[in-house]
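What follows is a single structure, written as C-alpha cells, with notes after it.
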Amino acid sequence: MKNSLLILTLICMVAGVRAAFGRRAPQFPKQSHHIDSLYSYKTYWYPQTLDHFNFISSDRQFAQRYLINDDHYTAGGPVFFYTGNEGDIAWFCNNTGFMWDIAEEFNAMLIFAEHRYYGESLPFGKDSYKDALHLGYLTSEQALADYATLIDHIKKTIPGTMKSPFVAFGGSYGGMLAAWFRMKYPGSVQGAIAASAPILAFPDMNDCELFYRITTNDFKKGGGSDVCPNMIRKTWNTILDIGNTEVGRIQLGKMFKLCKPLVGFNDVYMLNNYLSEVWVNLAMVDYPYPASFLENLPAHPIKEVCKHLTNEAATGVTLIASLVDAVNVYFNYTGESKCLNIYRQATGNLGDQGWDFQACTEMAMPLCQDGVQDMWLPYKYDFEAFATGCKQQWGVTTRKYWAQSEYGGFNISAASNIVFSNGGLDPWYGYGVLKSDNPSIVPVFIEDGAHHLDLRTSNPLDPQTVINARNTHKDNIRKWIDQYHKANQIW
C-alpha cells in the first residue's frame, strides 16, 4: 500500500475490526512475476484490442500474454482455456494442476490467458497504473472480450482447433470470469468449470457477515474449540493498547521482528491490517497437504496456527507472544524470513492496485462483521463512505449494482453448461452458487475443500469430497464435448 494513500485507506477502504483499521476487503490471491514453472509451456503474445466497445479508437492495441501446452493435443480435441485472474498468469498456470492432470485423458490443449493490467499484460507499460485515465480499460467486460478474440485468433492460427470444443476453467475471480464467459460468449466456450466463484457477493445479494463467520468457523474447526478464535478476537485491542505509546510500539516491533519500526499509531493499524489478511488467507488456503500457494505452509495450516493459541486467559504481552508464534506459521514457516514486512500485502504485491481499482468501479463486494459470530470487532459496511473513498482515490464513481445488471445476479436461469464448485472451508463459499433448478447449472459442494482446492493437482492427502468433485468436473466436460460434436455434425 502506498503511503500517500494510507490515511484515505484508513478511513474509507475498511472491511472490518474498526473503521480506522484501513483493512480492505480481502483480495483474491496474487503472487510475484518471477516464477519457477512446474510445467512445460510456450509463451505467446497477442496484439489485443485496447477498447472492444469503442469503434472510433478500436485500432489501439496492447500485448496480451498467453501460455500454451499441446503435448497431448490431437486435432479436434478439446482446448482447456484458463480465464486469467488478477495476477501473473504463470503463477495461476502452476497452481491449476487439475487441468494438467486431465490433459492426456482428454487429448487436450491447455491455454492460460493473462488478464489485462496484470502480470506482464500491461496496456500502457509502466504507466498502466499512472491514473484513472490509463486504468479506465481495466474491467471484467474488456477482459472477457479479450478472451473471446484470443480464442478466435487461436482457431485461425493453430491447426485443428477450428473444430475443437473450448472449455473454460477458472478459480476465484477467474472462476467468476469463467462462468460469465460462458454466459456472455457461449459461442466461444462449450462449458465452464467455475471454482470458488463468488458471483453472488455484490451489494444487497447476501449477508455481508458470511465471509468472516465462515473464516471464524474455520479457526474453530482447526483449533477444535472456540479458544483459538476467541484469542484472536482479543488481540486487536491488545495491539492497539500496547501500540498507543512509543515504548509499546518499539516492543511490538521487536516481538514481531518487523522490518521497519512502528513510527506512529497509523503503523499500529497497519499491523492489525496485515494480521487480518493473514487469518483470511489461512482460511482460503487451509489445504490438507503442504503448499506454497501464498506462502510456504504446512498441511492444515490453521491447525498449526491454533496450536500456539490455547491459553484463553492470556492477556497483554503474553497474548502477543502467543500471537507472534501463530503468525510465524504463515509468514516464516521455513525459518528463512529475517523480518516481517507488514507494508507488503500478505498475498504479495502483484495486482493490489488493479484489484483496488476494480473494486472501486464494478467489483464492490460488501463485507462486514458483528463481532459476536466472528473473531473480529464489529464493523458495519458503509457503501457511501466506500464510494467516497474511491472517488477521492481514483476519481471514479462506484457502480453499486452494475455487476448484477451486467451478469444477471441471481437470475442465471438462461445460462447453461457451468459447474459451480465451492468448498466448505472457503470463506467465499457463502457467495457462490450452491443450488440450481437448471440441470445444466451444476453446483458441487466440497465439504473439506478450501479455496478452489479442486483445481489444484491431485494429492494422496486429498479428501474424498474433492476427488468426487473432480470426477463430476470430468463427467460434465465429457458431456459438453459430446454435445459440441453432435451439434457440429448437424451443421
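The values are calculated or read from the model by the stated rules, or taken from the named source; none is laboratory data. Model, not experiment: these values are computed from the prediction. Glycine also receives a Cβ, built like all others from the backbone with ideal geometry; neighbour counts cover every protein chain displayed.
For the stretch 100-136, how many residues are farther than 21 Å from SER188 by Cα, touching a His at 6+ places or on another chain (Cβ under 9 Å), assigned to a loop (DSSP other than H, G, I, E, B) and not small (Gly, Ala, Ser)?
Selection size over the stretch 100-136: 3.
Among (1) more than 30 Å from TYR39 (Cα to Cα); (2) at pLDDT 95 or above; (3) more than 22 Å from the chain's Cα centre (by Cα); (4) part of a loop (DSSP other than H, G, I, E, B), there is one condition ASP437 misses while meeting the rest; what is its number?
Every condition holds for ASP437 apart from (2).
Taking GLY354, is it out of contact with any Lys or Arg (no Cβ under 6 Å at 6 or more places or on another chain) and more than 19 Å from PHE256 (Cα to Cα)?
Details: out of contact with any Lys or Arg (no Cβ under 6 Å at 6 or more places or on another chain): yes; more than 19 Å from PHE256 (Cα to Cα): yes.
For GLY354, the condition - out of contact with any Lys or Arg (no Cβ under 6 Å at 6 or more places or on another chain) and more than 19 Å from PHE256 (Cα to Cα) - is met.
Any idea which of (1) assigned to a helix (DSSP H, G or I); (2) within 20 Å of TYR330 (Cα to Cα); (3) more than 18 Å from the chain's Cα centre (by Cα); (4) charged (D, E, K, R) is the one ARG182 doesn't satisfy?
For ARG182, the failing item is (2).
Here's a check for you: in the stretch 58-82, which residue that is in contact with a helix residue (DSSP H, G or I) (Cβ under 6 Å, 6 or more places away or on another chain) and part of a loop (DSSP other than H, G, I, E, B) is nearest to GLY191 (Cα to Cα)?
In this case the residue turns out to be PRO78.
This table checks each residue for (1) touching an Asp or Glu at 6+ places or on another chain (Cβ under 9 Å); (2) modelled with pLDDT of 95 or more; (3) part of a helix (DSSP H, G or I).
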site: GLU406; (1), (2), (3): yes, yes, yes
site: LEU425; (1), (2), (3): yes, yes, no
site: SER458; (1), (2), (3): yes, yes, no
site: ASP475; (1), (2), (3): no, yes, yes
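Do you know which residues across the stretch 57-94 are surrounded by fewer than 24 Cβ atoms within 10 Å (Cβ to Cβ), of a type in the set (S, T, N, Q), in contact (Cβ under 8 Å) with a residue 12 or more places away in the chain and within 26 Å of SER128 (Cα to Cα)?
Once the filter is applied, which keeps residues that are surrounded by fewer than 24 Cβ atoms within 10 Å (Cβ to Cβ), of a type in the set (S, T, N, Q), in contact (Cβ under 8 Å) with a residue 12 or more places away in the chain and within 26 Å of SER128 (Cα to Cα), the stretch 57-94 yields GLN61, ASN94.
Kindly list the number of the only condition in (1) in contact with a Leu (Cβ under 8 Å, 6 or more places away or on another chain); (2) buried (at least 21 other Cβ atoms within 10 Å of the Cβ); (3) in a helix (DSSP H, G or I) that fails for GLY449.
(3)
Please specify each residue of the stretch 467-490 satisfying the condition of being hydrophobic (A, V, I, L, M, F, W, C), over 16 Å from GLY170 (Cα atoms) and surrounded by 17 or more Cβ atoms within 10 Å (Cβ to Cβ).
Within the stretch 467-490, the subset hydrophobic (A, V, I, L, M, F, W, C) is 467, 469, 477, 480-481, 487, 490.
The next check asks that each one be over 16 Å from GLY170 (Cα atoms); those that pass are 467, 480-481, 487, 490.
Of everything in the stretch 467-490, those that are hydrophobic (A, V, I, L, M, F, W, C), over 16 Å from GLY170 (Cα atoms) and surrounded by 17 or more Cβ atoms within 10 Å (Cβ to Cβ) turn out to be TRP480, ILE481.
Against the definition (assigned to a helix (DSSP H, G or I), crowded, with 22+ Cβ neighbours inside 10 Å and in contact (Cβ under 8 Å) with a residue 40 or more places away in the chain), how does ARG213 come out, yes or no?
On the way: assigned to a helix (DSSP H, G or I): yes; crowded, with 22+ Cβ neighbours inside 10 Å: no; in contact (Cβ under 8 Å) with a residue 40 or more places away in the chain: yes.
No, not satisfied.
Let's see how each residue does on (1) buried (at least 21 other Cβ atoms within 10 Å of the Cβ); (2) assigned to a loop (DSSP other than H, G, I, E, B); (3) free of Cβ contacts under 8 Å to residues at least 24 places away in the same chain; (4) basic (Lys, Arg):
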site: SER225; (1), (2), (3), (4): no, yes, yes, no
site: PRO229; (1), (2), (3), (4): yes, no, no, no
site: LYS234; (1), (2), (3), (4): no, no, no, yes
site: ILE239; (1), (2), (3), (4): yes, no, no, no
site: GLY248; (1), (2), (3), (4): no, no, yes, no
site: GLN251; (1), (2), (3), (4): no, no, no, no
site: ALA283; (1), (2), (3), (4): yes, no, no, no
site: VAL305; (1), (2), (3), (4): yes, no, no, no
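Looking at TYR333, TYR401 in this structure, which one is loosely packed, with under 15 Cβ neighbours inside 10 Å and in contact with a Pro (Cβ under 7 Å, 6 or more places away or on another chain)? Explain how you work it out, then say what you get.
Values: TYR333 fails: loosely packed, with under 15 Cβ neighbours inside 10 Å.
Exactly one residue qualifies, and that residue is TYR401.
Of the conditions (1) part of a loop (DSSP other than H, G, I, E, B); (2) at pLDDT 95 or above; (3) surrounded by fewer than 14 Cβ atoms within 10 Å (Cβ to Cβ); (4) of a type outside the set (D, E, K, R), SER413 fails just one. Which one is it?
So the condition that SER413 fails would be (2).
Among the residues in the stretch 393-401, are any in contact (Cβ under 8 Å) with a residue 40 or more places away in the chain, touching a Phe, Trp or Tyr at 6+ places or on another chain (Cβ under 7 Å), part of a loop (DSSP other than H, G, I, E, B) and at negative phi?
So far as the stretch 393-401 goes, yes, one or more of its residues are in contact (Cβ under 8 Å) with a residue 40 or more places away in the chain, touching a Phe, Trp or Tyr at 6+ places or on another chain (Cβ under 7 Å), part of a loop (DSSP other than H, G, I, E, B) and at negative phi.
State all residues of the stretch 371-392 that are in contact (Cβ under 8 Å) with a residue 60 or more places away in the chain, in contact with a Lys or Arg (Cβ under 9 Å, 6 or more places away or on another chain) and surrounded by fewer than 16 Cβ atoms within 10 Å (Cβ to Cβ); if no residue qualifies, say none.
GLN373, PHE383
Can you find, within the stretch 117-128, the residue that is nearest to TRP45 (Cα to Cα) among those that are in contact with a helix residue (DSSP H, G or I) (Cβ under 7 Å, 6 or more places away or on another chain) and surrounded by fewer than 24 Cβ atoms within 10 Å (Cβ to Cβ)? Reasoning before the result, please.
Going residue by residue through the stretch 117-128, those that are in contact with a helix residue (DSSP H, G or I) (Cβ under 7 Å, 6 or more places away or on another chain) are 117-119, 124, 127-128.
Pick out the ones that are also surrounded by fewer than 24 Cβ atoms within 10 Å (Cβ to Cβ) and you get 124, 127-128.
Numbers: PHE124: 15, ASP127: 19, SER128: 18 Å.
For the stretch 117-128, the residue satisfying everything is PHE124.
Keeping to the stretch 313-342, report how many residues are part of a loop (DSSP other than H, G, I, E, B) and among the polar types (S, T, N, Q). Please lay out each step first, then the result.
Start the filter on the stretch 313-342 by keeping residues that are part of a loop (DSSP other than H, G, I, E, B), which leaves 313-315, 332-339, 341-342.
Now drop any that are not among the polar types (S, T, N, Q), which leaves 315, 332, 334, 337, 341.
Going through the stretch 313-342 one residue at a time, the tally reaches 5.
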